[in-house]
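Read-outs throughout are calculated quantities, based only on the coordinates presented, and are distinct from any laboratory measurement. All of these numbers come straight from a predicted model, not from anything done at the bench. FYI the Cβ positions are ideal-geometry reconstructions off the backbone, even for glycines, and counts take in every protein chain you see.
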Amino acid sequence: MAADDLEPTRSSMDLGVVLAAVADPLRRQVVHELVLSEDGVERTCASFGLPVSKSTRSHHFRVLREAGLVKQVDHGNFSGVTLRRADIHSRFPGLLELISADLPTE
């Protein structure tokens, strides 16, 4: 199944699911780092340096993808992830700013 099949549409993004996704500090850090990047920047999942196993890292990105916060693309031997910035701003105005305000800049 393609990752696109698992991402909710903008209108079906659920606030409770989104808040549950960013309740975890590692997932919140991922979103924060993507917020600080230029719009449309794609990063590899490994580039975030999460201090967890590969399977746990995959789980964190699946939760973010299924909540609608990120778009994940499989490139064969790695996955690229981008922030769904426009969808999040449209559906939940101010949410990304709140997430960013909660974490210190690097």
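On the basis of the beta-carbon distance and an R0 of 25 Å, Leu36 and Val73 show a calculated FRET efficiency of 0.75. Here the spin labels are modelled as points 7 Å beyond Cα on the Cα-Cβ line, and at Ser55 and Leu15 they lie 3.6 nm apart. Per-residue extension of 0.36 nm, minus the Cα-Cα distance of Thr82 and Thr44, leaves a gain of 12.8 nm for this segment.
Based on the Cβ-Cβ distance of Arg62 and Phe92, what FRET efficiency does E = 1/(1 + (r/R0)^6) give at R0 = 22 Å, to the nearest 0.05? E between Arg62 and Phe92, to the nearest 0.05, is 0.65. Distance between the modelled labels on Ala101 and Ala23, one decimal in nanometres: 2.2 nm (7 Å Cα→Cβ projection). The residue list Pro93, Cys45, Ser55 was ranked by how far each Cα lies along the charge dipole of the chain toward its positive end, using unit charges on Cβ atoms, and Ser55 comes out on top. Think of each Lys and Arg Cβ as +1 and each Asp and Glu Cβ as -1; about the Cα centre, that makes the dipole of the chain roughly 200 debye. Per-residue ellipticity at 222 nm computed for the chain from its helices equals -14000 deg cm²/dmol, with DSSP H segments shorter than 4 residues left out and the rest contributing -39,500 (n - 2.57).
In a solvent-free Debye calculation with one equal scatterer on each Cα, what is log10 I(q)/I(0) for segment 12-102 at q = 0.11 Å⁻¹, listed in the order of the q values? For segment 12-102 at q = 0.11 Å⁻¹, log10 I(q)/I(0) is -0.27.
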